[in-house]
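Trainee: Structure below; questions to follow.
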Amino acid sequence: MPRVPSIAVVGSGSWAQRHMATIVAEEGMTFAGIVSRSLSEEPRTLLADIGSPKVWPNLDALLESGVELDGVALVVEPARIADLSYQCIDAGLPVLAEKPLSFSSREANSIRQRAVSRNCPFFVNLIHLYSAGYGELSRRIDEIGPLEHIESIGGNDGPFRRYMSGMWDYGPHDLSMVLDIVGEAPESIEAMRLNGDGMVHTVRVEVSFGSGISAKLTFGNLMTVKQRRFRCVGSGGTLELDDHPIPKLLKNNTGIAIEGIRPLASVYRAFVRSFDTKKDPANSLELACRINAILERVARDLN
């Protein structure tokens, strides 16, 4: 009987714990444990369904422990991801990293080059690309005729992170869907801050593509309510995804059934398959590098 792949999580915050709980709940993988200096120094209660996993104070300790390991999830601040990524890639361990991959497109491309040169699977958790609602929308995109325009809105009132602005927190999600559905690089980008300051704000980005498609994206952490909407307009109609609180998909104002597992579980299933196939169906690493370049440009325009 083949061994079930084992995955460790670096990080122990609330979202890292959601990663852990997802691994524990999935039959096709096992949870190796946690890399967390804070948790090793001051044990605290985790989500009830995680149990009592092994804890290592740093990634070196995990790699030197001899534990059977097939992949690593990096659920930490973006500034820490590059060094951790290099360690994992050099050890031959597939990586699932949280977005954004870095605050630097140069650093993101360096990670990509290292992963590609070592033939090491590397996913970036652009989670909406793996959601059932977006999957159904993308499968049906040709049904509305040639695509003409996209409108995307994503954000909330918070979170307010000391290490990351609203633009970097929410922008990767909107951009990942737009870039994925259009399938080409933008020709022009215009950005403006709708409210707030350098860290807490709502941003609007207007993008045009060589094919004639345009997109308007509004995102950030200074909205009045949590929302995630994605609307595609074609020559023959519209597809609209309202992903919060309950995913709903409309084609020309008629509801379409959405079936599928939770997005994070879908990410992990694709991640585990890549241990054999060496492929990411969403091409998330390449997308993450392109997203970083766009957000760097947006940041310059907003200053």
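Trainee: Counting each DSSP H run of 4 or more residues in the chain as -39500 (n - 2.57), what helix-only mean residue ellipticity at 222 nm follows after dividing by all residues, to the nearest 500 deg cm²/dmol?
Mentor: -11000 deg cm²/dmol
Trainee: Any chance you could run the full-extension gain for THR238 through ALA61? It's 0.36 nm times the residue separation minus the Cα-Cα distance, nm to one decimal.
Mentor: Taking 0.36 nm per residue and subtracting the Cα distance, the gain is 58.5 nm.
Trainee: Let me ask another. Accessible area per residue, 1.4 Å probe, Å², for segment 114-258: what's the number?
Mentor: For segment 114-258, the solvent-accessible area averages 44 Å² per residue.
Trainee: To the nearest 20 debye, what charge dipole does the chain have about its Cα centre, counting +1 at the Cβ of each Lys and Arg and -1 at the Cβ of each Asp and Glu? It would help to have the intermediate numbers written out before the result.
Mentor: Numbers: 32 positive and 37 negative charges, 25 e Å.
Magnitude of the dipole: close to 120 debye.
Trainee: Pairing the Cα long axis of helix 166-182 with the longest principal axis of the chain, what angle in degrees results, from 0 to 90 and rounded to the nearest 10?
Mentor: The helix 166-182 is inclined about 70 degrees to the chain.
Trainee: Rank-order 285-292, 210-217, 99-106 by packing density, defined as the average count of other C-beta atoms within 10 Å over each peptide's residues, highest first.
Mentor: The densest-packed peptide leads the list: 285-292, 99-106, 210-217.
Trainee: Continuing with this model, one more query. For a Förster distance of 25 Å, can you work out the FRET efficiency between the beta-carbons of GLU190 and ALA79, rounded to the nearest 0.05?
Mentor: 0.35
Trainee: Mind jotting down the distance between the C-alpha centroids of segment 135-192 and segment 266-296, whole Å?
Mentor: Each part reduced to its Cα centre gives a spacing of 16 Å.
Trainee: Still on this structure, I have one more. Over the chain, what relative contact order in percent results from Cα pairs under 8 Å that are six or more residues apart? Could you put the intermediate results ahead of the total?
Mentor: Working: 615 pairs, mean separation 56.7, N = 303.
That works out to 19 percent.
Trainee: Suppose the chain between THR224 and SER14 were pulled fully straight at 0.36 nm per residue; how much longer would it get relative to their current alpha carbon spacing?
Mentor: Using 0.36 nm per residue and subtracting the Cα-Cα distance, I get 73.3 nm.
Trainee: How high is the FRET efficiency between PHE275 and ILE141 when r is their beta carbon distance and R₀ equals 25 Å, given to the nearest 0.05?
Mentor: The computed FRET efficiency comes out at 0.25.
Trainee: Dipole magnitude of segment 133-196 about its Cα centre, charges +1 at Lys/Arg Cβ and -1 at Asp/Glu Cβ only, in debye to the nearest 20?
Mentor: 440
Trainee: Would you mind working out the magnitude of the charge dipole of segment 47-196 relative to its Cα centre, with +1 at each Lys and Arg C-beta and -1 at each Asp and Glu C-beta, to the nearest 20 Debye? If you can, show how the numbers build up before the last one.
Mentor: Working: 12 positive and 22 negative charges, 89 e Å.
Roughly 420 debye, rounded to the nearest 20.
Trainee: Residue farthest toward the positive end of the dipole of segment 150-191, with Cβ of Lys/Arg at +1 and Asp/Glu at -1: which of SER152, VAL182, TYR163?
Mentor: Of the options given, the answer is TYR163.
Trainee: I've got another one for you. Of the options ALA115, ILE23, GLY11, report the single residue whose Cα projects farthest towards the positive end of the charge dipole of segment 1-124 (beta-carbon charges: Lys, Arg +1; Asp, Glu -1).
Mentor: Positive-end residue among those listed: ALA115.
Trainee: Of the DSSP beta bridges with both residues in the chain, give the percent that are antiparallel, rounding to the nearest 5.
Mentor: Values: 39 of 63 bridges.
Taking every DSSP beta bridge with both residues in the chain, the antiparallel ones total about 60 percent.
Trainee: Do you know the relative contact order of segment 1-152, to the nearest whole percent, from alpha carbon pairs under 8 angstrom that are 6+ apart?
Mentor: Once divided by the residue count of segment 1-152, the mean separation gives 18 percent.
Trainee: Got a sec? Charge dipole of segment 263-303, +1 on Cβ for Lys and Arg, -1 for Asp and Glu; which of LEU302, SER274, ASN292 is way out at the positive end?
Mentor: SER274
Trainee: With all protein chains present, how much of the accessible area of the chain (probe radius 1.4 Å) comes from carbon and sulfur, to the nearest whole percent?
Mentor: Carbon plus sulfur share of accessible area: 47 percent.
Trainee: What GluC sites (Glu not before Pro) does segment 169-277 have in DSSP loop regions with at most 14 other beta carbons within 10 Å?
Mentor: Passing sites in segment 169-277 are GLU184, GLU259.
The values are calculated or read from the model by the stated rules, or taken from the named source; none is laboratory data. Predicted model only: the values in this text are computed from it and were never measured. Heads up, the Cβs are rebuilt from the backbone with ideal geometry, glycines too, and the neighbour counts pull from every protein chain shown. These area figures cover heavy atoms from the full protein model, side chains too; ligands, DNA and RNA do not enter into them. Shrake-Rupley method; radii C 1.70, N 1.55, O 1.52, S 1.80 Å.
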